[in-house]
């Protein structure tokens, strides 16, 4: 089926707010390694990995075999009303990797659902509906997660089950504190946090939730140490801290397994999803045992932590640990950042290159430094024409997001940099 025909059918039955990339959207029909092939036979190097989800790449034998092994049992589903061995084994591994004392794990189907669960835990434990969130953040598309999303382009409703106060810090490039050095920037953001608590809340706030690197917001990140300084203030008030690791988890940032570790912080809870399943639908929360057990009503998850997704996720985690993909992300991420910063020196249309590991954002600007979504859109389209798939985001839609599978090779990296250089030159 041609893309145009499928697009017409898509628009007839799918909601108009369901975003699609490109003027002529494509269907991914097959994939292997770090390359995908569309329905019309064109192959691309994938530098967005299904929004960071295909973290190991495509057609990985160890993961596929684990899924097939579970399928061969005939048990695709049993619900959490029954014991699930792979679920328990995966929870044990994540609890250990988290570094959270006496950690317990609850599995969901997505990052949105994971963040909703974390908010429920925190508000129940603290008996407060007040939440602190960061400007320019994104945490999901459900009722409470839209409420804490600090990005107008992704906030579908002003209605909210919680009361949210917004804090500076996550998006440094356009911050009013941009010109400050790291130390003064952190101090200014901490002062803002304290003032927000004192002036916009009653003090008994449930939690702060933050992405160590903002994903949809354009792969923006504060100086290392900001969240350590935030946590010191939060502890004064007894406010819980939740790290949204949906995009930053599993070693993608290179230097640490969890993004928040760059700030020397052990959060009260972390949420996760995306790369854990390498394409399977799975997410969850790992939290201190007392916090996880704060719910005093019965609950289950019909599909969360099902036998197929947990079998695949367990194989995914084992693969990335056995092959030290965190180290690969650190090494190749450094080269990716270096190559892009060289481009930025040549082309003033690039205002900022940022990120860690294989999670890199390129912000495009106009002559006066204003957001330039047109240039980002041109790079998105031209990269595709040259055989490279990249992502786009940012508050103003002017950031190209690069997050390839963590199994990326040096040759593939150089290929991508060559294509991006051509795309930026054209933009």
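The values are calculated or read from the model by the stated rules, or taken from the named source; none is laboratory data. These numbers were taken from a predicted model, which means no experiment stands behind them. Note that each Cβ is placed from the backbone with ideal geometry, even for glycine, and that neighbours are counted across all protein chains shown.
A few comments on the model shown:
- For the condition closer than 24 Å to residue 287 by Cβ, modelled with pLDDT under 95 and surrounded by fewer than 19 Cβ atoms within 10 Å (Cβ to Cβ), residue 225 does not qualify.
- Here the helices (runs of 4 or more DSSP H) wholly within the range 37-105 that include at least 1 residues being exposed (fewer than 13 other Cβ atoms within 10 Å of the Cβ), over 20 Å from the mean Cα position of the chain (by Cα) and at pLDDT 95 or above are 61-72, 85-98.
- Test set (1) assigned by TED's automatic domain parsing to the domain that holds residue 329; (2) on the phi < 0 side of the Ramachandran plot - residue 409 fails condition number: (1)
- The residues on offer are 142, 125, 133, 147, and the sole one that is crowded, with 18+ Cβ neighbours inside 10 Å and closer than 30 Å to residue 86 by Cα is 125.
- Among the criteria (1) in contact (Cβ under 8 Å) with a residue 60 or more places away in the chain; (2) in the same structural domain as residue 103 (by TED's automatic domain parsing); (3) more than 22 Å from the chain's Cα centre (by Cα), the one residue 317 does not fulfil is (3).
- Unmet requirement for residue 186, which otherwise passes all of (1) surrounded by fewer than 21 Cβ atoms within 10 Å (Cβ to Cβ); (2) over 25 Å from residue 114 (Cα atoms): (1)
- Scan of the range 252-282 for residues that are farther than 19 Å from residue 66 by Cα, more than 12 Å from the chain's Cα centre (by Cα) and either part of a loop (DSSP other than H, G, I, E, B) or not assigned by TED's automatic domain parsing to the domain that holds residue 305 (or both), ordered by number: 254, 255, 256, 257, 264, 265, 266, 267, 268
- Residue under evaluation residue 309, criteria (1) surrounded by fewer than 21 Cβ atoms within 10 Å (Cβ to Cβ); (2) in a helix (DSSP H, G or I); (3) in contact (Cβ under 8 Å) with a residue 12 or more places away in the chain, criterion not met: (1)
- Selected residue (criterion: farthest from residue 150 (Cα to Cα)) from residues of the range 113-122 that are touching a residue at least 40 places away in the same chain (Cβ under 8 Å) and crowded, with 20+ Cβ neighbours inside 10 Å: 121
Conditions tested, residue by residue: (1) modelled with pLDDT under 95; (2) crowded, with 22+ Cβ neighbours inside 10 Å; (3) assigned to a loop (DSSP other than H, G, I, E, B).
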residue	(1), (2), (3)
284	no, yes, no
299	yes, no, yes
313	no, yes, no
338	no, no, no
348	no, no, yes
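- Number of positions in the range 392-401 that are touching a strand residue (DSSP E or B) at 6+ places or on another chain (Cβ under 6 Å), part of a loop (DSSP other than H, G, I, E, B) and buried (at least 20 other Cβ atoms within 10 Å of the Cβ): 1
- Residue 203 meets the conditions (1) surrounded by fewer than 23 Cβ atoms within 10 Å (Cβ to Cβ); (2) in a loop (DSSP other than H, G, I, E, B); (3) within 21 Å of the chain's Cα centre (by Cα) in every case but one. The failed one is (3).
- Test: residue in the range 159-166 that is modelled with pLDDT of 95 or more, surrounded by fewer than 16 Cβ atoms within 10 Å (Cβ to Cβ) and in a loop (DSSP other than H, G, I, E, B): no
- Scanning the range 402-423 for residues that are within 15 Å of residue 327 (Cβ to Cβ) and surrounded by fewer than 24 Cβ atoms within 10 Å (Cβ to Cβ) yields 407, 409, 410, 413.
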